[in-house]
Amino acid sequence: MAEILSKKPRHIAFIMDGNGRWAQQRGLPRTAGHAEGGKTFRAIADACLDRDIEVITFFAFSTENWKRPKLEIAALMKLLNRYLVDWFSEERAKNTRVHFLGDTTPFSEELRDLIARAEQTGENISHHLNIALNYGGRADIAQAANKLLSERILTGNPSPVTEDEITLALSTGEMPPVDLLIRTGGEMRISNFLLWQSAYAELYFSDTLWPDFSAEELDRAIDWFSGRDRRYGGLNQK
Ligand code: FPP
């Protein structure tokens, strides 16, 4: 039993791709795909919490997504707004801490207030829900480097930077690294998501479009993860 439990991922990250195609296949506007994707986000977050996954991270908006039409960006922000407002009344908010990864300064004051409020919820924290918003993996590493550099300049510390220091200075701080990275929508790339944190992640690519992703497929991905032989560059211990 202990062996099976130890093979459960502690941190699952999701690249929620395929909303636009889901809508196009139905002759609907792309924003309808995001609305449906929002429901899947909610259902999968719940499913992960039910399965006692400690940390879950969703890529909601990348630094490259600003290139999209203004209307699509506005629709995404509206959705986020709605999910945050709903969050405050939810039971699971009591033991789950929400974190936003990325630079939220360009967003509206209303959204930033909601983000700040959401980040303060959680009394008895056992789970973490990260929403990557205006996030880029390289930018995360660069901000960690700059943080360490400023500290060194301030304290006159000339020692070389260590990997552990970089890990802690990233937006994910003390959270465990990504064990399982799931990308829906058929593309096989990481798209500048949690680059440092996914160094040893198992990568699960699914052709399912994000609005169609289900708790059943999540279970298949977790089962697949449990069967992986994670050697971290070493040899099999068996
Ligand atoms: C990629 O699909 C998806 C996004 C850019 C946004 C993801 C956002 C949601 C699922 C909305 C809800 C999220 C929260 C946190 C409330 P795409 O538009 O690139 O799809 P395509 O590749 O088919 O065009």
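Checking THR63 against (1) within 8 Å of the ligand (Cβ to nearest atom); (2) open to solvent by less than 80 Å² (accessible area, probe 1.4 Å), only one condition comes out false. Which one?
(1)
Can we say PHE225 is touching a residue at least 12 places away in the same chain (Cβ under 8 Å) and within 16 Å of the ligand (Cβ to nearest atom)? Reasoning before the result, please.
Working: touching a residue at least 12 places away in the same chain (Cβ under 8 Å): yes; within 16 Å of the ligand (Cβ to nearest atom): no.
For PHE225, the condition - touching a residue at least 12 places away in the same chain (Cβ under 8 Å) and within 16 Å of the ligand (Cβ to nearest atom) - is not met.
Can you find, within the range 194-222, the residue that is most open to solvent (accessible area, probe 1.4 Å) among those that are of a type in the set (Asp, Glu) and away from the ligand (no atom under 16 Å from the Cβ)? I'd like the intermediate steps shown before the answer.
So in the range 194-222, the residues of a type in the set (Asp, Glu) come out as 202, 207, 212, 216-217, 219.
Now drop any that are not away from the ligand (no atom under 16 Å from the Cβ), which leaves 202, 216, 219.
Values: GLU202: 26, GLU216: 119, ASP219: 56 Å².
Per the criteria, the residue is GLU216.
Taking the range 82-104 as the search range and keeping residues that are within 9 Å of the ligand (Cβ to nearest atom) and farther than 19 Å from ILE15 by Cβ, which one is surrounded by the fewest Cβ atoms within 10 Å (Cβ to Cβ)?
Going through the qualifying residues, I end up with ARG82.
Please list, ordered by first then second residue, the pairs with beta carbon atoms under 6 Å, 6 or more apart or interchain, first in the range 182-202 and closer than 16 Å to GLY102 by Cβ and in contact (Cβ under 8 Å) with a residue 24 or more places away in the chain, second in a loop (DSSP other than H, G, I, E, B) and open to solvent by 50 Å² or more (accessible area, probe 1.4 Å).
GLN197/PRO177
Would you confirm, using the coordinates I've provided, whether THR57 is more than 8 Å from the ligand (Cβ to nearest atom), open to solvent by less than 50 Å² (accessible area, probe 1.4 Å) and within 24 Å of SER198 (Cα to Cα)?
The answer is yes for THR57.
If I go through the range 124-150 residue by residue, how many of them are open to solvent by 90 Å² or more (accessible area, probe 1.4 Å) and more than 25 Å from ILE53 (Cβ to Cβ)?
So in the range 124-150, the residues open to solvent by 90 Å² or more (accessible area, probe 1.4 Å) come out as 124, 138, 147, 149.
With the extra rule that they be more than 25 Å from ILE53 (Cβ to Cβ), the set shrinks to 138, 147, 149.
Summing the residues that are open to solvent by 90 Å² or more (accessible area, probe 1.4 Å) and more than 25 Å from ILE53 (Cβ to Cβ) in the range 124-150 gives 3.
How about the range 158-172: which of its residues are of a type outside the set (D, E, K, R) and surrounded by 10 or more Cβ atoms within 10 Å (Cβ to Cβ)? Don't jump to the end; show me each part of the working.
First pass over the range 158-172, keeping only residues of a type outside the set (D, E, K, R): 158-162, 166-172.
If the condition is that a residue be of a type outside the set (D, E, K, R) and surrounded by 10 or more Cβ atoms within 10 Å (Cβ to Cβ), then VAL161, THR162, ILE166, THR167, LEU168, ALA169, LEU170, SER171, THR172 are the ones that fit.
Please list, ordered by residue number, the helices (runs of 4 or more DSSP H) wholly in the range 1-75 having 3 or more residues that are touching a Gly at 6+ places or on another chain (Cβ under 7 Å).
Values: elements: 2-6, 19-25, 30-50.
The qualifying helices (runs of 4 or more DSSP H) are 19-25.
Out of the residues in the range 105-123 meeting the condition of being assigned to a loop (DSSP other than H, G, I, E, B) and under 26 Å from PRO177 (Cα atoms), tell me which one is most open to solvent (accessible area, probe 1.4 Å).
Taking the range 105-123 as the starting set, the residues that turn out to be assigned to a loop (DSSP other than H, G, I, E, B) are 105-108, 119-123.
Restricting the remaining residues to those that are under 26 Å from PRO177 (Cα atoms) gives 105, 119-123.
Numbers: THR105: 95, GLU119: 66, GLN120: 139, THR121: 28, GLY122: 17, GLU123: 156 Å².
Looking at residues that are assigned to a loop (DSSP other than H, G, I, E, B) and under 26 Å from PRO177 (Cα atoms), I get GLU123.
The values are calculated or read from the model by the stated rules, or taken from the named source; none is laboratory data. Just so you know, these numbers come straight off a predicted model, no measurement behind them. Heads up, the Cβs are rebuilt from the backbone with ideal geometry, glycines too, and the neighbour counts pull from every protein chain shown. Side chains are part of the model used for accessible areas, which takes the heavy atoms of the whole protein and leaves out ligands, DNA and RNA. Shrake-Rupley method; radii C 1.70, N 1.55, O 1.52, S 1.80 Å.
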